[in-house]
Structures are given as C-alpha cells and as structure tokens.
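Taking it in order: structure first as structure tokens, then the write-up.
The values are calculated or read from the model by the stated rules, or taken from the named source; none is laboratory data. Model, not experiment: these values are computed from the prediction. Cβ atoms come from the backbone with ideal geometry, glycine included; neighbour counts cover every protein chain shown.
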Amino acid sequence: MTTMGMSTTPHTANQLLELAGMRQTPQRLVILRHLLACTEHPSAEDLHARIAVEFPSISIGTIYRTLESLVEVGIVRRVRSEAGTMFFDANPDPHHHLFDTQAGKFADYDAPELDRLIADYLHRHPIPGFSVQDFQLHINGTFQNSSH
C-alpha cells in the first residue's frame, strides 16, 4: 500500500486523483466527490444509494472497486465496525474513530494529548520484535444525542 503524504489542505476530487496519479473517470469523480462531502463514514452501499440518484447506471461493484483503488493510493481509509461492516473515510489527517454501537455510525475523534501519551508510552515501552509505524484508536460506545 502506498500513501501520498497528504496535508490538511482541502483538495477537490480532481486534485486528489491527479496527485495520486489516477485517471479522472466520471465514476471515480462522482464517488470521491460524494465521499468528500460526507460528514460521516459511509459504507459502499450507502454511497451507492446516494450516487445512483444522479448516476443510475453505476453498479455496486464499481463502487467497491473504486473505493479499493482509492484506499490503495491513500486517498481513502477503510474503517471496520465490530460487526465487520466496512466503512470509508476520506479524512487523510491522523485521527481516531468513535463508533456508536447503537446507531452503527462512526465519527472522527482528534485527541492530540492522547496521541502524545500513547507515543510516549510506546517510546518508553517498545514492543519486542515490532516496529510501530502509526496507531489509531477505535472507541466503541454510544452518543448521548443523535446529532452524530
């Protein structure tokens, strides 16, 4: 898997595909535009339902293949629920995830202080035979309100 080392600067779907060296096909553009516009982390089925309204000929297979190719180049991340459902995240910046087990939805969670604590702990307590490259927390729970 390759990563593009993206910055926090917002990019359009066209720019992201160009930076990744990918052709800007109509299918890739519509899928990536929808994913970038999402405030949540949709599944391939969620994206298909939204995109089929304006692009009725797009198949679920095309959605899956396109998402996988976007994951491979580092534009999109996979996020798996406890039940094994795959969701997709277009936020390239380091962050953690909160998973609402009742609603079945993810939310991004930025915690720089927690990141420093974990990095410091891993530095002081190296894992024998393992080189840590990155870490992401996946925190399960329920939101107190339905705004997430």
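So here's what we get for this one:
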| read-out | value |
| --- | --- |
| The listed residue being assigned to a helix (DSSP H, G or I) and either touching a residue at least 12 places away in the same chain (Cβ under 8 Å) or of a type outside the set (A, V, I, L, M) (or both), out of G84, G61 | G61 |
| Number of the condition not met by I63 [criteria: (1) touching a helix residue (DSSP H, G or I) at 6+ places or on another chain (Cβ under 9 Å); (2) at pLDDT 95 or above; (3) exposed (fewer than 14 other Cβ atoms within 10 Å of the Cβ)] | (3) |
| The listed residue being surrounded by 13 or more Cβ atoms within 10 Å (Cβ to Cβ) and modelled with pLDDT under 90, out of E72, E40, E68 | E40 |
| Among (1) hydrophobic (A, V, I, L, M, F, W, C); (2) assigned by TED's automatic domain parsing to the domain that holds L137; (3) at pLDDT 90 or above - the single one A103 does not satisfy | (3) |
| Matching option when the condition is without any contact (Cβ under 8 Å) to a residue 60 or more places away in the chain, over 28 Å from E113 (Cβ atoms) and either in a strand (DSSP E or B) or in contact with a helix residue (DSSP H, G or I) (Cβ under 9 Å, 6 or more places away or on another chain) (or both), among L98, L47 | L47 |
| Odd one out for Y109 among (1) in contact with a His (Cβ under 8 Å, 6 or more places away or on another chain); (2) modelled with pLDDT of 95 or more; (3) of a type in the set (S, T, Y) | (2) |
| Qualifying residue in region 134-146 (condition: closer than 22 Å to I63 by Cα, assigned to a strand (DSSP E or B) and in contact with a strand residue (DSSP E or B) (Cβ under 8 Å, 6 or more places away or on another chain)) | no |
